[in-house]
């Protein structure tokens, strides 16, 4: 059962995202304890995996690639479109992820997977995707409804891990999940306090354009944060990836003038980044500081890589929430997305 704390930001938080963030640990527990019944033998001949989805439903695939980067043996691609990659065939496992169950691009890709005779598993809270899965006798992993898709990452991602483990496509130890749960539970108490570390970072970002740098290893964390800033904080930001940005973007900052362009750099770093990339971070930081950049370094101090990945996501989610309420912006409404969806539905 979730924790109920008084929301000190209720005036600017109509959807009670504060409460959702506080109770993120319960999403982990709920998803990992989900009893997914499947025939392990059905996945022996899988040659590649395509996770198809959009927005908050697709990011679980990106995070899985980061989380499992040392052990996943099969080619694994995240697809964000109406169509599947051309290689998808009867040896492909298509993971159709739509939290709402109504995402039109995911439904289109699902139907294409049927036509190509792919092995299909869907993950979501019901609706059209569940109906299609039932009609076509595909496994549907149902998650609790009632969340914004971007706020349901714990449910979507840990159900994905649960499935990959039970199907034999990856090995995730219960001990790993237990450590992650304990870590997030501990940090839930810390991050939800007034003047917490993520609150202080959010204060520093008010009035500035966030530039987010990470290595390719943490690209999923980088992208997740950029999307959370857009949806929660209603703030545009920019993502750069080391080492690639050292071959192009770094030149663009040569004429940076803080008085003309208010930007701050957030560097998301992990000790498992390639040693040469860690060196690149140091040199890039030195160059950009000399250009007048203020730099905020984001690291997790948790013990294992898996704990740190989830902690970083959680920490950055809190930053996006605090930046919203500090700007007196409600983090929950997504007016432009809803307008776009409604317009598409009329055509």
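When the range 316-342 is filtered for residues that are modelled with pLDDT under 95 and either out of contact with any helix residue (DSSP H, G or I) (no Cβ under 9 Å at 6 or more places or on another chain) or in a helix (DSSP H, G or I) (or both), the ones remaining, listed by number, are 333, 335, 336, 337, 338, 339, 340, 341, 342. Here is a check on your reading of the model: is residue 95 within 21 Å of residue 132 (Cα to Cα), in contact (Cβ under 8 Å) with a residue 60 or more places away in the chain and assigned by TED's automatic domain parsing to the domain that holds residue 156? Here the answer is yes, as residue 95 does meet what is asked.
Among the candidates 166, 174, the residue that is at pLDDT 95 or above, under 26 Å from residue 141 (Cβ atoms) and surrounded by fewer than 13 Cβ atoms within 10 Å (Cβ to Cβ) is uniquely 174. A Cβ distance below 6 Å, combined with a sequence gap of six or more or placement on separate chains, defines the contacts here; from the range 101-129, residues that are not assigned by TED's automatic domain parsing to the domain that holds residue 55 reach no residue that is crowded, with 19+ Cβ neighbours inside 10 Å.
For the residues 295, 309, the requirement of being in the same structural domain as residue 230 (by TED's automatic domain parsing), touching a helix residue (DSSP H, G or I) at 6+ places or on another chain (Cβ under 6 Å) and more than 20 Å from residue 220 (Cβ to Cβ) singles out 295.
Within the range 300-315, being in contact (Cβ under 8 Å) with a residue 24 or more places away in the chain and assigned to a loop (DSSP other than H, G, I, E, B) holds for 300, 302, 303, 304.
Among the residues of the range 96-121, those that are crowded, with 20+ Cβ neighbours inside 10 Å and in a loop (DSSP other than H, G, I, E, B) comprise 98, 99, 100, 101, 103, 118. The helices (runs of 4 or more DSSP H) located wholly in the range 156-245 that include 1 or more residues which are touching a strand residue (DSSP E or B) at 6+ places or on another chain (Cβ under 7 Å) occupy 197-205, 219-228. Just a yes or no: is a residue in the range 259-266 free of Cβ contacts under 8 Å to residues at least 40 places away in the same chain and within 24 Å of the chain's Cα centre (by Cα)? No - not one qualifying residue is present in the range 259-266.
For (1) over 20 Å from residue 288 (Cα atoms); (2) within 18 Å of the chain's Cα centre (by Cα), each residue gets a yes or a no:
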site: 182; (1), (2): yes, no
site: 186; (1), (2): yes, no
site: 189; (1), (2): yes, no
site: 198; (1), (2): yes, yes
site: 204; (1), (2): no, no
site: 209; (1), (2): no, no
site: 219; (1), (2): yes, yes
site: 222; (1), (2): no, yes
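The listed residues are 86, 103, and the only one of them that is within 24 Å of the chain's Cα centre (by Cα) and at pLDDT 95 or above turns out to be 103. Scanning the range 231-256 for residues that are surrounded by fewer than 16 Cβ atoms within 10 Å (Cβ to Cβ) and under 28 Å from residue 152 (Cβ atoms) yields 236, 238. Looking across the range 16-34, the residues that are part of a loop (DSSP other than H, G, I, E, B) and at pLDDT 95 or above come down to 23, 33, 34.
The values are calculated or read from the model by the stated rules, or taken from the named source; none is laboratory data. Keep in mind that what you see is a predicted model, and the values were worked out from it rather than measured. We place every Cβ from the backbone using ideal geometry, glycine too, and count neighbours over all the protein chains shown.
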